[in-house]
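Working notes for the structure below.
Here, each number is a calculation from the coordinates, and none is a lab measurement. In this text the structure is predicted, and so the values were computed from the model without any measurement. Glycine also receives a Cβ, built like all others from the backbone with ideal geometry; neighbour counts cover every protein chain displayed.
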Number of protein chains: 2
Amino acid sequence: MAFPLLVDCDTGIDDALALAYLACRQDVDVVGLVSSGGNVPAATVHRNNLALTGMLGLDAPVALGADRPLVEPPIFADDTHGPHGLGHAQVPAPARDEDPRSGAQLWVDLARERPGELVGLVLGPHTNLALALEIEPELPRLLRRLHVMGGAIHHRGNTGPTSEWNIAVDPEAAQQVLASFSAAPRRPVLGALQATEAIVFRAPELDRLEHLARRSVHPVARILADAVRFYFEFHEADGFGWTAHVHDPLVTAHAVTGDFAGTRPLAVDVELAGTLTRGQTVGDELGRWGREPNVDLLTEVAAEEFVEHLLATFEAGLD
Amino acid sequence: MAFPLLVDCDTGIDDALALAYLACRQDVDVVGLVSSGGNVPAATVHRNNLALTGMLGLDAPVALGADRPLVEPPIFADDTHGPHGLGHAQVPAPARDEDPRSGAQLWVDLARERPGELVGLVLGPHTNLALALEIEPELPRLLRRLHVMGGAIHHRGNTGPTSEWNIAVDPEAAQQVLASFSAAPRRPVLGALQATEAIVFRAPELDRLEHLARRSVHPVARILADAVRFYFEFHEADGFGWTAHVHDPLVTAHAVTGDFAGTRPLAVDVELAGTLTRGQTVGDELGRWGREPNVDLLTEVAAEEFVEHLLATFEAGLD
């Protein structure tokens, strides 16, 4: 009984790992992708998504998202993901067509077609989901649930000193999504940096991806290895050593399986005004705001177990 | 070879523990106290400081600090420290006179009298030190070094969701002190919540204080036990259980001995503009600002060892 999933992502090295993971799973049906600006420009993300979904046999519509955040000019992370978004890998020209709708419209259409069934997964900035909420304010009640990779709660940021990339790119969008989804029947599940940074690839994991790339005929196996090698080089340059934090796959796998992490309810909001802290997610652990919890925060990550699961899924599915 | 110390504090339960600790030590010479508004109004703090120093045999001048922060109206923490600042304890009417100077002037005068020798210890808001810097901009170079209890770096706040009390009361003052002391020969030592919350009193520690109060003739022994019992009641009401975080003594003991914690350099600044994060201390772990480290942050706290040291010091000195 595969469930329908819409993925909104800014592919992106770890986004590519997440898409490959989804393609390898039988228990989820990817029914749509939205190409979000973020790690690289939306048009580059779109090309990556069209090419990867083609190679991965995911035939869901892929719609282009907005080319800029709601308020600020776009920023990109070429240093983290390479100029094409996939590190040392480059995808071939896509063999399939884009969906003509906007990313926001795809959110709305897919949710309306399956009221109460569609699961949303945001692995990039929240721009397109915020725009979708302008078209269809009932979206939080039309979705079955929402999973988000984003934010850092009482944790060093990876963009500003306390801000995480997906939120920092478009803080207004993230704030609007959190506010709107406080009316959802189920709290969004938020995978923030303190959870996703528990997922660390080191030399043995890169070796396994390289080994898979050498023995597999699946073109995506080579792309993942070349992409992740670049990710290691970036993390080394940023002071973390020969390693990579692999954010999106954990949130994705938790959305599919419910495994590999627990959750705890928390009231979370986004700082929009700070000089030093704009784009920071703030969690109110002690109830100072007097608000109900509005997210389920990923916690207690089974990191080793998940890394093994992820690589084994690739080895079985991209063979 | 006792070194000269000026203490600027908002006594306050944990401030009282710090003052009692200092009075019990032979290796430090308290040469001045500044009564800072904070936990309770400055006038109430002043009364506590005059009475406690009298009972503790500390004959240093005690000067009244400003009655409000630099910009915002004052806030107080009656819930945490009780209306008189010492929980269930009340001090007798002070038997000694205040120093006629302002708190800011006392900072300046004592530093000028001992250029390069005076150590400063701020256990409350930074208001008076910021005012002293207006009188004497050379203060960072006149002091031997500065130790501060304040802030929370990537850690739940105890005032706002991400802000710590001493900084949240007067963020502008804290920001100005940090900026001015970037010109100091030695970086200020910052004991933030993630270090000081490691110092936890539980039932056995309260029992030891109660036992000391019963057997000792020293009036401060009873005051500490009655104050700390209130502190336990507050922490229980705030969701932490029958326990108390004892912030100021760790920073104080580290300033005196150099023991019980390590330090690591970090660039830290104070958010003044945030809607959710005003008063938050932000630490730039990954060098995003391109600034030199401006504090030595307390880390690697030897919590059990310190708690034993603190209680043993009271048992030996307040007997």
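Summary table
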read-out	value
Shape of the stretch B:142-190, Cα gyration tensor, a/c cut at 1.5	prolate
For the stretch B:4-122: rounded, prolate or oblate by the Cα gyration tensor [a/c cutoff 1.5]	oblate
Residues whose placed amide H lies under 5 Å from that of residue B:62, excluding near-sequence neighbours	B:33, B:99
Cα centroid separation, the stretch A:188-231 to the stretch B:141-187 (Å)	41
Nearest-0.05 FRET efficiency for residue A:211 and residue B:302, computed from C-beta distance (R0 51 Å)	0.65
Computed lengthening from residue B:1 to residue B:112, 0.36 nm per intervening residue step minus Cα-Cα distance	37.9 nm
Relative intensity, log₁₀ I(q)/I(0), of the protein assembly as shown from a Debye sum that treats every alpha carbon as a point, q = 0.09, 0.12 Å⁻¹	-0.76, -1.09
Cα centroid separation - the stretch A:67-82 against the stretch A:27-56, whole Å	16
Estimated vicinal HN-Hα couplings, Hz - the stretch A:46-55 in sequence order (Karplus 6.51, -1.76, 1.60; Gly, Pro = x)	4, 4, 4, 5, 5, 5, 5, 4, x, 5
Theoretical FRET efficiency, 1/(1+(r/R0)^6), r = Cβ-Cβ of residue B:312 and residue A:286, R0 35 Å, to 0.05	0.60
Gyration tensor verdict on the stretch B:223-319 (Cα atoms; rounded if a/c is under 1.5, prolate if a/b is larger than b/c, oblate otherwise)	oblate
Vicinal HN-Hα couplings computed from phi for the stretch B:180-188 (Karplus, 6.51 cos²θ - 1.76 cosθ + 1.60; Hz; Gly/Pro x)	5, 7, 5, 8, 6, x, 10, 5, x
Distant-in-sequence amide H partners of residue A:11 (H built 1.01 Å from N, under 5 Å)	A:36
Residues with amide H under 5 Å from that of residue A:152, placed H, sequence gap 5 or more	A:164, A:193, A:281
Sites matching chymotrypsin sites (Phe, Trp or Tyr not before Pro) across the stretch A:222-291 that sit in DSSP coil, with at most 14 neighbouring C-beta atoms within 10 Å	A:242, A:289
For B:196, A:257, B:281, order by how many other beta-carbon atoms lie within 10 Å, fewest first	A:257, B:196, B:281
Karplus-derived HN-Hα couplings along the stretch A:158-167 (A = 6.51, B = -1.76, C = 1.60, θ = phi - 60°), whole Hz, x at Gly and Pro	10, 10, x, x, 10, 10, 9, 3, 4, 7
